[in-house]
Amino acid sequence: MTDDFDGFYRDTSRRLLRYAYGLTGDAGEAQDLVQEAYARAWQRWRRLSGYDDPEAWLRLVVNRLSSDRWRRIGVRRAWAAVEAPLPPAPPPSEDTVLLVQAMRTLPAVHRRALALRYLLDRSIADIAAETGVPEGTVKSWLSRGRAGLAAALGIEDDTTTTREGVRHAR
Amino acid sequence: MPADLDEMFATLGRQADALPLGPAASARRRGRQRSRRQLLATAAAVVGLIGGGFAVTTNLHRKPDPSPPAGPLPSIGKPISFGDHAPLPSIIGDTAYAIGAAPDGTTRIAAVDLTTGAERFPAHPLGSFAGILTVTPLPQALLLGVEDLGGGRTLLVLDPATGEQEWKLPFEKGDDFVYFKQDLVHMAAKTGETRAFDWATGSESWRQATRADRIIRTLGLHSGTDLPTAEVSGGRLLQVTKSGKVIISDGATGTVRETWPGSVAGGTKFVAQDAKLYSVGAGPGYVIRVMDRTGSRVFSTGPADRRVSSLTACGTDRICVLDTNGEDAQTAAAMAGPEGEVWRVEAPSETSLLESAGGRVLLTGGETSLLYAANGERLLDQDGSVRFLSETEVLSVGGDGKVARIQAGTGERRELGTVPAGTQPCVGNSRALICLSALDLRIWALPS
């Protein structure tokens, strides 16, 4: 069971960290959310390992924790004194700082869709299945999310149509 | 000036990839520590067997799925969200309600017709509050208990048809509410004063004078083994005085009908069922007493060093409890009868709800739900949430998103469909399921 879990962690944790970083824009919080999500996964690994897509379950945990500021603070406090500190993270680039600030201006559903699409390269159909909404809604979230980012960043909203039919700024 | 969003996302992704991450062993260690902590923080349910040792409750007879895997459940209406937090769900009849905080600080309500998916009424604000304490759906009204910005507490009585506030009632911590068909009864804990209010108008229907021997608890006298409901069908009000006397009144008029002999002094938790009052008091462990019009006597005693966190009636002459070990806070569930403890089982971590119907007992509210028969046989062990649909059937929403109806007596399972994995918690009835996702509230139709 431990080997299974460790293999799953090895195969998926980097993707979850990308996702958490995209949602929170904070390296420390993202690292902590990922560890917390896998800790919860380990508690129920016997069941979770039988799921069709246990990675989606982990993303849902990250969603919930990241959307609740107080719970997030509690998680960090609870474990800060327990775990050995990780090596320091390299400082983010100027573009990343700007993108993170812009992401924070968006509704959470837009952030979630953008992170799934542009950080995890998930298809529109995958995102629709994971979030339980029609594909048209996902396209709308992505389009509006990109438009919101463009506005926040002061980028020209020069829209083009992509392969999935999402019109976004280029 | 950044020029390209795609490149910016690519940069953010690369920087995320460069972040240090602890090993899997660290996550496992953290998971084990979480488990220990939850064990300490919650109570485990234990049930004991008197006269025959411990009941073994591992005979799980979950039957293989007779129905083929079902696809995603059809949605009803659009997801409901008031901001970054999902609202609280409830159902009255064929209407689903969502109540939650909006980014502007107001608490809002929305409603969806479960038959058509249409808005029942336009979403609108109810006011600005420090927090929501309770949401109680009743046929007569949707009750919303809130903490005011000034720190007081108010019960808002909302019209289920419009979501508009009909009237409101200030209350304090420790007050009791009892819901009859015609009136809402409120007992003020500080004074014991008990008043009834007409559902439609909020006007006072009756009032009991304050007694020298102050009323300290007011309950509805439930009857039968039907599904647990907030509304009291029997029409009788049971009140406990400070000295331990028990007074039975007519719920429609407040008139005292009888006073039972004996005393339940020292009782800290009560449940009134089938013309009997069960009370939990302290002993070497704990003592459950039963009282009726003939007097009071010891019903059952609990193991030493355990204390009761929750109790419910669970069949004729049966009381079920969640009790906790004082030393390490391990929780257990137990069923007791006049002959003493009948069975005792360990409860899953985070079990918060003990519910009974048809003599069966459901432990749920945590990540795992368990259903037990009256004889202590485990009927169901289900990941996720489970609630009674009827005395004989439960609705299960697994952590993997699979939704099923399960026959409580036989374990026969009928797959209804799926919702996104991890969509919890949910409320539902035989027609619809309402669940919180990460950010919003979703409604799905259930096949008949």
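Just so you know, all these numbers are worked out from the coordinates, no wet-lab data involved. Keep in mind that this is a model prediction, so the values were computed, not measured. Don't worry about glycine lacking a Cβ; one is built from the backbone with ideal geometry, like all the others, and counts go over all protein chains shown.
Key figures
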| item | result |
| --- | --- |
| Phi to ³J(HN,Hα) by Karplus 6.51 cos²θ - 1.76 cosθ + 1.60 over the stretch B:233-250, Hz, x for Gly, Pro | 8, x, x, 10, 10, 10, 10, 10, 8, 4, 7, x, 6, 10, 10, 10, 10, 7 |
| Label point distance in nm, residue B:165-residue B:123, each placed 7 Å from Cα along Cα→Cβ | 2.0 nm |
| Long-range HN-HN contacts of residue B:380 with modeled amide H, under 5 Å | B:371 |
| Sorted by Cβ density within 10 Å, fewest first, the residues A:38, A:9 | A:9, A:38 |
| Crossing angle, helix B:24-41 versus chain B [Cα axis fit, 0-90 degrees, rounded to tens] | 20 degrees |
| Average other protein chain Cβ within 10 Å of Cβ, residues A:35-47 | 6 |
| Inter-chain shielding of A:2-12 (mean C-beta neighbours from other protein chains, 10 Å cut-off) | 2 |
| Which of A:94, B:377 has the fewest Cβ neighbours within 10 Å, and the rest in rising order | A:94, B:377 |
| Burial ordering of B:19, A:58, fewest other beta-carbon atoms within 10 Å first | B:19, A:58 |
| 10 Å Cβ neighbours from other chains, averaged over peptide B:383-392 | 1 |
| Above-threshold pairs, the threshold being 18 Å between Cα atoms, out of B:168/B:269; B:78/B:402; B:245/B:269; B:242/B:269; A:139/B:78 | B:168/B:269; B:78/B:402 |
| Acute angle (nearest 10 degrees) that the helix B:5-17 long axis makes with the longest principal axis of chain B, alpha-carbon atoms | 60 degrees |
| Whole-angstrom gap from the stretch B:268-288 to the stretch A:2-28, using each part's C-alpha centre | 49 Å |
| Amide H within-cut-off set for residue B:121, under 5 Å, with H built and near neighbours excluded | B:111 |
